[in-house]
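Trainee: Here it is, the structure in full.
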There are 4 protein chains.
Amino acid sequence: MVGGGKGSFIGPIHRMAIRMDDLADLVDGCYSHTDDWHGLIARCRGKIDFLAVCTPNSSHYEITKAALEAGMDVLCEKPLSMTLAEATELERLARRRRRVLGIPFTYSGFPMVKLARDLVKRGELGKIDKVVLEYSQGSFRKIDFSKPLDKRNAWKMDPKKAGPSCVVADIGVHGFHLIEHVTGLEVRQVLADLSSFAPGNRLDDDASMLLRLSSGAKAMFTVSKVATGEENGVRLRVYGDKASLYWNQEENNYLSVKYPFAPERIYKRNAPYIGDLSAASKALSRIPAGHHEGFIEGFANIYREFCAAVRDRKPHDFPGAHEGVRTMRFVEAALRSNKNGNRWEKV
Amino acid sequence: MVGGGKGSFIGPIHRMAIRMDDLADLVDGCYSHTDDWHGLIARCRGKIDFLAVCTPNSSHYEITKAALEAGMDVLCEKPLSMTLAEATELERLARRRRRVLGIPFTYSGFPMVKLARDLVKRGELGKIDKVVLEYSQGSFRKIDFSKPLDKRNAWKMDPKKAGPSCVVADIGVHGFHLIEHVTGLEVRQVLADLSSFAPGNRLDDDASMLLRLSSGAKAMFTVSKVATGEENGVRLRVYGDKASLYWNQEENNYLSVKYPFAPERIYKRNAPYIGDLSAASKALSRIPAGHHEGFIEGFANIYREFCAAVRDRKPHDFPGAHEGVRTMRFVEAALRSNKNGNRWEKV
Amino acid sequence: MVGGGKGSFIGPIHRMAIRMDDLADLVDGCYSHTDDWHGLIARCRGKIDFLAVCTPNSSHYEITKAALEAGMDVLCEKPLSMTLAEATELERLARRRRRVLGIPFTYSGFPMVKLARDLVKRGELGKIDKVVLEYSQGSFRKIDFSKPLDKRNAWKMDPKKAGPSCVVADIGVHGFHLIEHVTGLEVRQVLADLSSFAPGNRLDDDASMLLRLSSGAKAMFTVSKVATGEENGVRLRVYGDKASLYWNQEENNYLSVKYPFAPERIYKRNAPYIGDLSAASKALSRIPAGHHEGFIEGFANIYREFCAAVRDRKPHDFPGAHEGVRTMRFVEAALRSNKNGNRWEKV
Amino acid sequence: MVGGGKGSFIGPIHRMAIRMDDLADLVDGCYSHTDDWHGLIARCRGKIDFLAVCTPNSSHYEITKAALEAGMDVLCEKPLSMTLAEATELERLARRRRRVLGIPFTYSGFPMVKLARDLVKRGELGKIDKVVLEYSQGSFRKIDFSKPLDKRNAWKMDPKKAGPSCVVADIGVHGFHLIEHVTGLEVRQVLADLSSFAPGNRLDDDASMLLRLSSGAKAMFTVSKVATGEENGVRLRVYGDKASLYWNQEENNYLSVKYPFAPERIYKRNAPYIGDLSAASKALSRIPAGHHEGFIEGFANIYREFCAAVRDRKPHDFPGAHEGVRTMRFVEAALRSNKNGNRWEKV
């Protein structure tokens, strides 16, 4: 593992997720910025099953590249890179070297998100016309800007380490992937209005966006780190011409489906009927309905599928290089739209 | 009363709302399109306290105008007119004739919306940076388009009767008013992406909009009649730099306020502490907390304030000509934005 | 109307409920204790359609008796009387005189309670085995017992005016009626553990009860006025061998039904499918789903059915003398059980 | 580990919980009934840190006894034994041998339950007067009784393996412990009405109980495995004279506290303010608010504290022999009460 050391939010989650299903042992790592990841890659070459990259955004590209070139499989934190060009290069490299490249777009590992995707795929919603996605955090409202920022927040507002975008690149990519994953549609165009509300923040911390999807569907998409009082409010609504679905990450064990002429249905994770609707949803559940699984379990599901791919050398159900490229394409289009007076940009 | 006869949704609500507080007696009316409202105005002149106009949009202007000119006070359904020019004329006419002109933007009559407004006014939220408003109905998904439309739906999709907009003029104006009423800010600009998803519908039935508010706040605003499975989903989120609020019309007796460093607070209608925070909220409650009031009561609150103005000949707390003009300004700007390639338009 | 004057909680609700559907005009009344209800009955004899009795418990019996004897139909507040013997006498008197006697067990007038009853009747739940009912108020925690009680609370704790029970007679009867109404079963036995937690209260303000129902079902039933922080928490859960239902008065427009092998279903008041399941539920709804109806509307539904009976001289769907007797039978059995060391008593 | 093999619900949870925090390695085990646990104890003697006992109830006592006598620390599934006498003996044995004995009453390991306990301890609720606890599962409604039962269910209905009680011993003990843990009060008396609703079940599968707590509080307590449609519905309400709390296991990251004169407060797991209110709640959280932790994490918390005790050889915050004895005392009293005509029995 590179990065994810002391004070990191995501590092411990990676480690708990790996242990959850006893998938792998953590054998070596350099957990802070100053450590020598070159050395790590050199000494682990040929000896480990995969490398987990949990550093700030700016080093994702070079570390992942080096690891792929050293013949390693890699699970790299999102966003995959600072630019679309880098992401595209990594995708090509992984393909050429036949390496597995995974990216933990965590929410797509949640069992009820898999159910949502599979219900859409089965046609339960009909043709999708509208999507509303809120990804609202209030994290930047918990910062005392009169003091030096702590490490966990500082790099996210620093263009050198975070890249050209803060909120869109950090959590917007999660939302974007969630939309494409659940609807099975492609986002074709984005129109973005970005803001910096946190004192002194030079990057975006709030984004109001319109999307146009393949098949003509429209979407509204808000992403924010200044949504005061919100913790990790990911709320997805997908409206088809036959039914709609609603998933709220903060009540992640449930999925609601609403109909014009029938009562709303609340599906529950790992309930007896789930397997008939979504084998993936059932497979990613560990314990019975009513005994909740949470974020670590969702994260572990990404690892589970990734490790299966590492083991089997064939595709499994987890986000990888393709999704990394898609999300970077989106980040760049959103930034372009905002720069160009909020006009539509192709994704 | 003009309009609101058999098959009408809103007519019976007006009548129940009026009776709720025993404010007025319904003495005369012409309840269908073919009736002679000219005759009604002529015979009621000087004999009634006010006229309620519940007809389809296209006749709001002329009936309201005639009534004002006949010296009557008028409560006219939204939208006030087909065009901004008409609304402006009615506003001037009412002012000149010193007549009371009310418009039932119902949600602003709900006690917890008054509390929301008053909490914002007291500074509880701090400076407002972001607003998210969903007004999602699935009503057009309940229509069997293979058959002739019933009267209640037909006129809303008919440009001659509904005017140039369906969903924005019909329910978008409610949402727009709610935003301005609660935040105390003005919407300065709108960028709108309108769609017609219902089969054969020539008007907008879905709108994805971005707003810019005075003081620099941004808003996302979706309005839809094709949000399958939704009933009357009005969900308002206002994020300030100190706190945020959430109000859901379908749970209208509650208001949630969230803080960065304190537990979420759920305020309850007419609970003992409400009066200290919002005299208006308390005044508009009839029965104790825990015994819910609903839509009719909210509607009756608009009437209560309107009738007080009719009686006292001075302003009370209800939406009137000014709000009628603001909302028409918004409708026209949204239509213009959509026509002009989704660019920003001034409201 | 007798009683229900200034400071009364229930008086204004009666009046709003009557006006809601324009069912009747309030023509005469004596609204305070000191008024002469004898005079009222004398002067209204033969001139009114019915008398509404909203006085404290202790005078229900004598006023209702006098009115019935004067040939009036009567809607009397619960509990119908101070003793079972009185209730039985009133039931006989009403039958002999062919008078309509109604009692506003309000919750049975809520559309989703009617749906619950009708789903049970249709066998949707199968054989009912278990019922859990909470009726929890915190009203007595809002009283400052260091000062003289205000009128609204004082009589409820005064055995002379309230009778031998406070919480069981005041709100326990609502819960009891709700159980019998929804399940269609009879409560056969009760085991009650009553408490007086409010300072200086000589009557019961909290009751923990076990019930046994016809068909062998068991129930748990808690009623409280010292459930701090609760407003009017009526929560009913009915478990059959095929499905269960859950209704929460504070979210009264919804009804949840849960199955072993299917997703939970959330039914919504007046949604398109309601009429097929429960004609009564549909008939008692005034406005579309998503536009909530509340307590006043539920109360008005009792009046609507009662007035239909007054008009048609035949039974309609509202609680009357029989329910008045059943509930008094329950109150006396619960008091007996508590006195006799919490043993089972026949209802 | 003994027991918890193929088809077991709890076995995998133990293993995931142990790995979650990397507390221990599973070095040896006999996972099925026919395996030789004597051999396991013999070969592990002196070589392991502790033994986890996950067998059916009937062997808890003898295995735990043997392990304690072999000088092992033990974490034994609930209920600790078949009888109170056995539990008492194990408690004495553990004390005499200075061995750590833990029992996974899982819910007491949930961070928001710790917060609940600590809020009570700080006096936030005042004097506790009433408790309502529902522990409702519908698991027995998912069984096809026309076929042979699968192993997981069969032993729970078999008096030889489960002991004299099914639902009270299996999940009632969780509820009982939760009440005592959160309120800090002792349950002094129980009055129980047990039923067997599942076809052919000779043991209790539903219990309606009244409790009396030290300090005079009353409680209602329902436990059921025939609550059709429920998954794992643990809902705890504690009413003090100053405030009340509500915790629902199926929304376990939240805790609601309600006041007579202030808005309801929703506390969120690991939010910034938690540490000031409950160090234990904060210490048992792994990831930020909004990223939910679930059942496995709660279970892991029991292990975390247990392992700390194993390591430090001093008491930590987890349920042990004392709680095992208390719960067995309760089981026996409830069975006695039911047998003796539902009279009060001392716990």
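Trainee: Quick one: residue B:286 ticks every box in (1) open to solvent by 20 Å² or more (accessible area, probe 1.4 Å); (2) farther than 30 Å from residue B:26 by Cβ except a single one, so which number is it?
Mentor: (2)
Trainee: Which residue pairs have Cβ atoms under 8 Å apart, sit 6 or more places apart or on different chains, and have a first residue in the stretch C:296-324 that is crowded, with 18+ Cβ neighbours inside 10 Å and a second that is in a helix (DSSP H, G or I) and aromatic (Phe, Trp, Tyr)?
Mentor: Sorted first by the residue in the stretch C:296-324, then by its partner, the pairs are C:298/C:107; C:318/C:306.
Trainee: What pairs can you find where one residue is in the stretch C:18-43 and farther than 23 Å from residue C:298 by Cα, the other is part of a helix (DSSP H, G or I) and among the aliphatic types (A, V, I, L, M), and their Cβ atoms are less than 6 Å apart, with a gap of 6+ or different chains?
Mentor: C:30/C:40; C:37/C:63; C:41/C:66; C:41/C:67
Trainee: Here are A:247, A:344: which of them is out of contact with any Asp or Glu (no Cβ under 8 Å at 6 or more places or on another chain), within 22 Å of residue A:185 (Cβ to Cβ) and open to solvent by 20 Å² or more (accessible area, probe 1.4 Å)?
Mentor: Going through A:247, A:344 in turn, the sole match is A:344.
Trainee: Condition check: basic (Lys, Arg) and open to solvent by 70 Å² or more (accessible area, probe 1.4 Å). Does residue B:156 satisfy that?
Mentor: Criteria not met by residue B:156.
Trainee: Which of (1) out of contact with any helix residue (DSSP H, G or I) (no Cβ under 7 Å at 6 or more places or on another chain); (2) under 21 Å from residue B:15 (Cβ atoms) does residue C:333 not meet, given it meets every other one?
Mentor: Unmet for residue C:333, out of (1) out of contact with any helix residue (DSSP H, G or I) (no Cβ under 7 Å at 6 or more places or on another chain); (2) under 21 Å from residue B:15 (Cβ atoms): (2).
Trainee: Run residue D:66 past the list (1) open to solvent by 20 Å² or more (accessible area, probe 1.4 Å); (2) hydrophobic (A, V, I, L, M, F, W, C); (3) farther than 27 Å from residue D:327 by Cα and report the number of the one that doesn't hold.
Mentor: Here residue D:66 clears every test but (3).
Trainee: Moving to a separate point now. Quick check: is even one residue across the stretch A:269-281 touching a Leu at 6+ places or on another chain (Cβ under 9 Å), surrounded by 23 or more Cβ atoms within 10 Å (Cβ to Cβ) and assigned to a strand (DSSP E or B)?
Mentor: No.
Trainee: What is the one condition in (1) surrounded by fewer than 19 Cβ atoms within 10 Å (Cβ to Cβ); (2) aromatic (Phe, Trp, Tyr); (3) away from chain D (no Cβ under 14 Å) that residue A:330 does not satisfy?
Mentor: (1)
Trainee: What is the one condition in (1) of a type in the set (Asp, Glu); (2) within 14 Å of chain B (Cβ to nearest Cβ); (3) open to solvent by 20 Å² or more (accessible area, probe 1.4 Å) that residue A:230 does not satisfy?
Mentor: (3)
Trainee: Quickly run through the stretch D:233-244 and pick out the residues that are within 12 Å of chain A (Cβ to nearest Cβ) and buried (at least 24 other Cβ atoms within 10 Å of the Cβ).
Mentor: Hit for the stretch D:233-244 is D:234, nothing else.
Trainee: Of the residues A:211, A:185, which is out of contact with any Gly (no Cβ under 7 Å at 6 or more places or on another chain), modelled with pLDDT of 95 or more and surrounded by 22 or more Cβ atoms within 10 Å (Cβ to Cβ)?
Mentor: So the residue among A:211, A:185 that is out of contact with any Gly (no Cβ under 7 Å at 6 or more places or on another chain), modelled with pLDDT of 95 or more and surrounded by 22 or more Cβ atoms within 10 Å (Cβ to Cβ) is A:211.
Trainee: Now for a separate question. Every residue in the stretch A:250-259 that is touching a residue at least 12 places away in the same chain (Cβ under 8 Å), more than 14 Å from chain B (Cβ to nearest Cβ) and open to solvent by 20 Å² or more (accessible area, probe 1.4 Å), please.
Mentor: The answer is A:254, and nothing else.
Trainee: Determine, yes or no, whether residue B:164 is more than 20 Å from residue C:292 (Cβ to Cβ), surrounded by fewer than 24 Cβ atoms within 10 Å (Cβ to Cβ) and without any contact (Cβ under 8 Å) to a residue 12 or more places away in the chain.
Mentor: no
Trainee: Another question, then. Condition test on residue A:262, is it surrounded by 19 or more Cβ atoms within 10 Å (Cβ to Cβ) and within 12 Å of chain B (Cβ to nearest Cβ)?
Mentor: So residue A:262 fails the test.
Trainee: Residues of the stretch C:3-54 being open to solvent by 20 Å² or more (accessible area, probe 1.4 Å), out of contact with any Leu (no Cβ under 7 Å at 6 or more places or on another chain) and within 22 Å of residue C:109 (Cβ to Cβ), which ones?
Mentor: C:8, C:9, C:10, C:12, C:19, C:21, C:22, C:23, C:24, C:25, C:26, C:49, listed by residue number.
Trainee: Inside the stretch D:133-153, can you point out the residues that are open to solvent by 10 Å² or more (accessible area, probe 1.4 Å) and touching a residue at least 24 places away in the same chain (Cβ under 8 Å)?
Mentor: The answer is D:137, D:139, D:141, D:143, D:145, D:150, D:151, D:152.
Trainee: Still on this structure: Can you confirm whether the stretch C:109-126 contains a residue that is farther than 19 Å from residue C:219 by Cα, buried (at least 22 other Cβ atoms within 10 Å of the Cβ), aliphatic (A, V, I, L, M) and in contact with a Leu (Cβ under 6 Å, 6 or more places away or on another chain)?
Mentor: There is at least one residue in the stretch C:109-126 that is farther than 19 Å from residue C:219 by Cα, buried (at least 22 other Cβ atoms within 10 Å of the Cβ), aliphatic (A, V, I, L, M) and in contact with a Leu (Cβ under 6 Å, 6 or more places away or on another chain).
Trainee: Checking the conditions here, which among A:194, A:203, A:133 is away from chain B (no Cβ under 13 Å), at pLDDT 95 or above and touching a helix residue (DSSP H, G or I) at 6+ places or on another chain (Cβ under 8 Å)?
Mentor: Sole residue among the options that is away from chain B (no Cβ under 13 Å), at pLDDT 95 or above and touching a helix residue (DSSP H, G or I) at 6+ places or on another chain (Cβ under 8 Å): A:203.
Trainee: So, in the stretch C:188-208, how many residues would count as being open to solvent by less than 20 Å² (accessible area, probe 1.4 Å) and in contact (Cβ under 8 Å) with a residue 60 or more places away in the chain?
Mentor: The number of residues fulfilling the criteria is 8.
Trainee: Looking at the stretch D:265-293, which of the residues that are among the charged types (D, E, K, R) and more than 13 Å from residue D:254 (Cα to Cα) is nearest to the other protein chains (Cβ to nearest Cβ)?
Mentor: Step by step, filter the stretch D:265-293, then rank; the result is D:286.
The values are calculated or read from the model by the stated rules, or taken from the named source; none is laboratory data. These numbers come from a predicted model, not from an experiment. So basically every Cβ, Gly included, is an ideal-geometry build from the backbone, and we count neighbours across all protein chains shown. Heavy atoms of the whole protein, side chains included, go into the accessibility calculation; ligands, DNA and RNA do not. Shrake-Rupley method; radii C 1.70, N 1.55, O 1.52, S 1.80 Å.
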